[in-house]
Amino acid sequence: MDASTHPARGGWNSLARNYEARIARGHALVGGKVVPADRTTALLEAVIEPGDRICIEGNNQKHADFLARALAEAAPERVHDLHVVQSNIALAPHLDIFESGIARRLDFCYAGPQGLRLAQLVAAGKVEVGAIHTYLELYGRYFTDLTPRVSLIAAEAADRDGNLYTGPNTEDTPAIVEATAFRSGVLIAQVNRIVDKVPRVDVPGDWVNYVVEAPKPHYIEPIFTRDPAAITDIQVLMAMMVIRGIYEKYGVTRLNHGIGFDTAAIELILPTYAEELGLRGKICRYMSVNPCPTLIPAIESGFIDAIHCAGSELGMERYVSERSDVFFIGRDGTMRSNRVYCQLAGHYADLFIGSTLQIDLEGNSSTATHARITGFGGAPNFGSESRGRRHGSPAWLAAGREAHRQGMPRGRKLVVQMVETFKEGLSPTFVERLDAWDLMDTFNMPLPPVMVYGDDLTHIVTEEGIANLLLCDSLAERAQAIRAVAGYTEVGRKRDRQMVEMLRARGAVVYPEDIGVDKRLASRDLLAARSIKDLVRWSDGLYAPPARFRNW
Amino acid sequence: MERLEFRFAGRPGTPVAETGEALVGVVGSGNLEVMIERVDLGGGCLAVVDTSIHGFGDTWQQVLADFVDRRGLANIRLSINDGGATPAVVVLRLDQAWAGLEEGER
Amino acid sequence: MNADAALSAPPVSSTERLIDALFDQASISRAGPLVTGTGTLDGQAIAILATAERAQIGADLALAMARNVLDVMREAPGRPILIVVDNSGHRLGRWDELMGNNGYLAHLSTCLYLARRRGHRVIGLVNELAVSAGFMALGMATDACYAMPEAEVRVMALNAMSRVTKVPLDRLTELCATSPVLGPGVANFIRVGALRGIWSGDLSAHLREALAEMPGERDTRRELGLERGGRTLARDIAAQVRAGV
Amino acid sequence: MIPARHSFQEAGARARIRALLDAGTFREFCGPAQRHTSPHLPTLGMPVAFDEGVVVGEGAIDGRPVLIAAQEGAFMGGAVGEVHGAKITGLIERALDTRPDAVVLLLDSGGVRLHEANAGLIAVGEIQRAVFDARAAGIPVVTVIGGRNGCYGGTSIIARSCDRIIASEEGRLSVSGPEVIEAVEGVEEFDAQDRALVWRTMGAKHRRLIGEIDALVADDMEAFRGAVSESLGKSRPLDLDELEAEHARLAERLARFEGVSDAREIWAALGVNDPDRVSEIEADEFNRLVATLEGARA
C-alpha cells in the first residue's frame, strides 16, 4: 500500500486526495461525466493506478462486458498488477487481463464457463488466487479489507448527471457501488442508453463518476430458464417425495430453490400434485429465488405469495411487472432485484433445496470437478444452518425438535440436497471420497472446495427415498442412512440391510411407500407445464422466452 | 456395445400359465427399451441386455435380480436395448414393463 | 433465364455431350442448369429432361422440370421421357425453404409418377452426380434408373457423414469397403437395387434396350436389392407387413 | 390459460397410435417380439430397437378401418433405415389389398438414417412410390406432423406426396434442416439457434398460410384425432388437371415471393394485418385468421 495513505505518515484523507487526483486526470481527458465509447480505454488508463483493487461487475446475468473489453485493451505498461475483486469470472476478457499482466491477483466467487482456463492460468502462475468466496463473504470483504479503488459497473440507462437505472437486473450493483463510492473509489458505468430522465434512480448520480454508452447492450444470459420438456419421470418422482416427505411434513412456507431441473420439477407439480393434496396456502408461500419461468404455474395457481429475486431472467420482465403483488416492483413498474438481500432472505428462510454433483458418507457435497476451478456462488449461504436465527416458524421448530432431541430446545433450518443416484454417463453421485480433496491438492487450496457441509445438511432426496440426517445419532448411522438412498452405486450396494431397516423404523430413512407417494403416478403427466409454450400459456402471453427456447 | 446375459432361478418348476409380451421405453441416450415376454423357462427367468456402456455387468445383475426377486417372477424373458440409462431409469422401465404385461393380460 | 443463358453461352456440359451420344439426333435447349428437348432414336421421339453442371435443385428448377413433364403429357401422350440426372441435391437456402422446396420436389416426382401411369416410359440416367433428395425426386421416380460409369450417387459425403454420425472417418471408410448400404458410389446403389446398372460402350443400345422393356406393375427394387445382396431384408419385411403378419 | 391437454408431441409412437385409434382396435404387424432389428446399426456400435423405430398396423377410427404407421422420434431421430422403411412401404401397399378408409402416417423424422444411408434413401423412394400407388387406387394417404423432429429430408417429400397433411403448430416441414443450412451456407444465411426464425420459416403456421399443409391443430390428441377422422375417405385426385392446378399454385408462389427473405413479408402480402403476432396466437385463433384470409380471397 502507498505510504501516503497511512494516517500516521500521510494524514487522514489520503484516499480522498488520491481520488481527487484520479478524477482530475479523467476529467482532463473526457471533460465531464459522459464518456465517448472510443475514449473508454484511455479513461481507464487515466484513472486506474498500478496495483489497484478493481471490480469489474459480473453477476449471474448482467455483465459490464464493454468495460471489461476496454480494460483488456489497456497498455500493460500503464495499467498492471491489478487485484481483481469480483464475484463472477464469466467472460474471456476477465482472464485476458491476467494473461497480459494487467491483473495479477484475484479474489472471486464463481468461474463457471471460464473455469478450465482459469485453472490453466493459475497453473501457469498468471493468476494468484487470494480466495474463492461465497457471494456474501466477498461483499462482506468489500466492506472490510477488499474495498475496490475502481469499479466498472453495468446499468440499463443513465442520465447525463450519472443517475443510473439498472432495470430488473440490479443484482450485485448496490453492494459494489456502496463500497466503492463511500471509500473514495471511482465508479464507471456502462449503460445501454443515455436518456434525459431515467425511469427510476437505482444509483444516485453523485456517486457515479463516469458513464459510457456501450455500442451494444450489456450481455445477459438466460441462465435460470429450464425447459420443462427436459424434466424426466424420475425427477417428478423425487419432486413428489420432496412435497410429501419434507414440504408437507414440516409445513415449509419460506424457502429458496436451486435452479436445476430437479427443483423445477417441484415447482411444476405444485399446481397438480400439491394442489390435490390440499397444500395450497400451506407450503411454498415465500421464496427467495430468481424469477424462474417454471414458477409461473405455481404463481398463477395461487401457491406463492411473494418472491424476492437476486436478479431477473430474460423474457420474464413483463410477467414480473404485471404481478406486483408477488414480486418487488419499483414505482416505474419494473422489478428491483438485489443479490445481497435475496441471499440474506434465503439464509433465514425455513429451507434450502438444491442439487449437487457428489455427496460423501458424511453428507458433504461438492460441485467441483477435475481440471476446473468453478467456485461457490451463493449456494453455501443458502445451504447452511442459520445459527443466528432466533424467530420461530412451524417448519423451523419442527426440524429443531428432530435435531435437538435433548437439552436446550432449538430451531433448525432445513437444508436439502435432491439428487439422482447416478448422473448421465453413469457416474455415481454418492462417493466414499469427494473429488474436492484432489482439487485441493491440485490447486493448492487451503480446504477442499465443499459446497454444503454434511453437518449443515438435513435431508438427501434421491429416486430411492429420503435420508433424514436429523434423526441419525452417529456418523455410522448417518453413513447408513445415506447408503440406504444411494441406490445401485457402490456406496449404496454396501448398505447394511439390518441397520437400514432400523433407521427406516425410526424415520431416518423413508421410502416412497412410507409417505404415501404412489410411484405409478410419477410421470411427466403430473407437470403443470410440459413445454416452454405451456409456460407462455400459463402466463397469458406475458412471458416472452428467448428465441433459443422457442419451438413455435 | 456389450451383450450381457443373466439367468435367475425364479420359481423352478412353475408351469407357463399364459403367453404375452409388453414393450416399454425407447432406446436413446440415457434411455432404454425393455421387452418382457412370458416364455417357458422351466420356472426360471432370463435377461439379455445389449448396452452401449461397457463395464456395468455387476450393476445390471443386481438391478435385474432385485426386480425378479421383488416381483417373484417365473418364466419371464427380459430383452433390453440400452443407450446408457441410469439404474433409476432401468428400474422404472422394468416396473412399467411388468405393469404393461399384466395390463395386456387383463 | 433463357436470355441470360444465351448471353453468357456456357461451355457445352457433359450432360449435353451425353445426350448427343445417346440419340441419332437431338434437339435440346439449355436454360441455366436445365436442359430440355427431344431426341430421336430409330425414328422414335423421346422427351429429354436433364440438368447439367451438378445443378442444385431449388424450388424454381424443380418447378421448371415439372412444367416440362406436364407439357410432355399434354402435347405428346405416351412419348418416353429420358431424365439425365446431374445434381448436387436440393438447394440449401433460406428462400427455398420459405417457399417449401419439399413441396416442389414432391410435385416433380408426382408429375413423373402420373406420366408413368399415363403410359410414358420414364428412364433415368445419372450422369455426373446425384445427391439425396435430388436422386429421390428424379432418379428414383423413374421406371428404371441407370448410371454412367464415372457417376457418383450419394446421400452425403463421407467426411460430413462422419461428423453427423460421430463414427470416425477411418472406421466409416473401412466399413464402406464391405457394406453397400453405407457409402457413396454407383456400385453400392446398384447393389441395393436403386440403380439397374451401368451404361457403357454403345449408349444408344442401352437406351434402346431400356425403352423396349415393358414397365412393371410393381416396384421391384427391393427384389433387385435382395438378389444383389445389397439389401437383404427390405423385400421380406415389406411383404410380411403387407400380409398383415 | 391452463394447458391441461393430452399432448401429441409428448407421446411416443405407441401412445400416439393408442390415442388416435378406437380403443382396442389396434393390431400391430411385424411387432417388436419378432425382433426385426437393423443389421446395420450394430456394425457401427449403435443400439437397435425391437420395432426399428416405427410401429405399423391396422385399426379403426370412429369405426372406420385405417392403416397406420407411427415413427418413434426418440429412436435415432425417427430416421428411415432399411427395415424401418420396408415396414412403412409394406403397410401402404397393404392398402391395395384391404382398401381401408385411409392410410395414416405419423411422421416424426429427420429423414434418411445416415448409418444405413443408401438403404434409407431408396426406402424413402419406395415409400413415396407406395403412397402414389395407394392414391392412384383411390385410397387417401394422410400425413400427421407434430413430433419433436418435425418432418425433414426425404420424409418431407413423402409428406407432400400424400393427399393431406395435418400438423400442430409445433410441427415443422422442410427438406433441409436449419443446422445443415447454417453449416453449409453460413450463419448469415440461416441462424439455426434462432428458433423463432426456424419456426417462421419451416413451422406449420407458415406452411398452412402458404398452403403447404391442410389443417393446423393444437398439440392435443383429441384435436389430431378429429382432424384425422375428418380426412377419412377423402382422396385428392391424381390426374393431369389436379397437377396443373397444383402447378399453377406453386408457380404463383415463386413468382409472387421472389427474393423475399422473411416469412413475415409473405404473411403481410397474404393479408395478415399483424405478422409479428402470428407466431404467438393459439391454433383456434390462427385458424380463424386463415378462414378470414381464405374468405377474403374467395
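Here are a few things to note about the model shown:
- Candidate aspartates and glutamates - alpha carbon under 14 Å from residue A:519, same-chain residues fewer than 8 apart omitted: A:233, A:463, A:464, B:95
- Taking a ≥ b ≥ c as the square roots of the eigenvalues of the Cα gyration tensor, segment D:13-241 is oblate, since a/c reaches 1.5 or more and a/b is not larger than b/c.
- Cα gyration tensor, segment D:3-112 - rounded (a/c under 1.5), prolate or oblate: oblate
- Among beta bridges identified by DSSP and lying wholly in chain C, the antiparallel ones come to about 45 percent.
- Protection proxy ranking, peptides A:201-209, B:44-52, B:81-89, C:215-223, average beta carbon neighbours within 10 Å, highest first: B:81-89, B:44-52, A:201-209, C:215-223
- Net charge of neighbours whose Cβ lies under 12 Å from the Cβ of residue C:118, counting Lys and Arg as +1 and Asp and Glu as -1: +4
- Crossing angle, helix A:497-506 versus chain A [Cα axis fit, 0-90 degrees, rounded to tens]: 80 degrees
- Chain A, relative contact order in percent, only Cα pairs under 8 angstrom and at least six apart counted: 13 percent
- Ellipticity estimate at 222 nm from DSSP helix runs (n ≥ 4, -39,500 (n - 2.57)) divided over the protein assembly as shown, nearest 500: -10500 deg cm²/dmol
- Within the protein assembly as shown, antiparallel bridges make up roughly 40 percent of the DSSP beta bridges whose residues both belong there.
- Cα gyration tensor category, rounded, prolate or oblate, for segment A:3-213 with a/c compared to 1.5: rounded
- Using the Cβ of residue D:84 as centre and a radius below 13 Å, the other residues enclosed give a net charge of -4, where K and R count +1 and D and E count -1.
- Residue A:437/residue A:223 FRET efficiency (R0 30 Å; Cβ-Cβ; nearest 0.05): 0.55
- Take each residue in B:89-101, count the other chain C-beta atoms within 10 Å of its C-beta, and the mean is 2.
- Charge context of residue C:192, other residues only, Cβ under 9 angstrom, K/R +1, D/E -1: +3
- Simple label model, 7 Å out from Cα along Cβ direction - residue A:504 to residue D:239, nm: 7.4 nm
- Modelled label reach - residue A:453, point 7 Å along Cα→Cβ, segment A:356-371 residues with backbone N closer than 20 Å: A:356-368
- Pairwise label distance in nanometres, residue A:331 with residue C:164, each label 7 Å out on the Cα-Cβ vector: 6.0 nm
- GNM top mover of D:261, D:279, D:168 - chain D, alpha-carbon springs below 10 Å: D:261
- Using a Förster distance of 30 Å, the FRET efficiency for residue A:216-residue B:29 (Cβ separation, nearest 0.05): 0.25
- If you plug the beta carbon distance of residue A:427 and residue A:206 into 1/(1 + (r/R0)^6) with R0 = 45 Å, you get a FRET efficiency near 0.25.
- The GluC sites (Glu not before Pro) of segment D:143-233 that DSSP puts in a loop, and whose beta carbon has at most 11 other beta carbons within 10 Å, are D:188.
- Given chain A, longest segment not containing exposed loop GluC sites (Glu not before Pro) (DSSP; at most 13 other Cβ within 10 Å): A:78-431
- Of the DSSP H helices in chain D, those whose Cα atoms cover at least 27 Å axially and whose Kyte score averages 0.5 or more: D:117-136
- Residues A:421, C:15 in ascending order of nearby Cβ atoms (within 10 Å, fewest first): A:421, C:15.
- Only lysines eight or more places from residue A:494 in sequence, or on another chain, were considered; those with a Cα closer than 22 Å are A:423.
- Under 24 Å from the Cα of residue A:533 - lysines, other chains or at least 8 residues apart: D:205
- Loop-located GluC sites (Glu not before Pro) in segment B:9-43 (DSSP state not H, G, I, E or B) with no more than 11 neighbouring Cβ atoms inside 10 Å: B:18.
- Low-density loop cleavage sites - trypsin sites (Lys or Arg not before Pro) in segment A:363-472, where at most 13 other Cβ are within 10 Å (DSSP): A:387, A:390, A:405, A:433
- For segment C:166-224 versus segment D:1-47, the spacing of their alpha-carbon centroids is 32 Å.
- Rel. contact order, % - alpha carbon contacts under 8 angstrom, at least six apart, chain D: 15 percent
Read-outs throughout are calculated quantities, based only on the coordinates presented, and are distinct from any laboratory measurement. A quick note: this is a predicted structure, and the numbers were derived from the prediction, not measured. Counting neighbours? That spans all protein chains shown, and the Cβs are built from the backbone with ideal geometry, glycine included.
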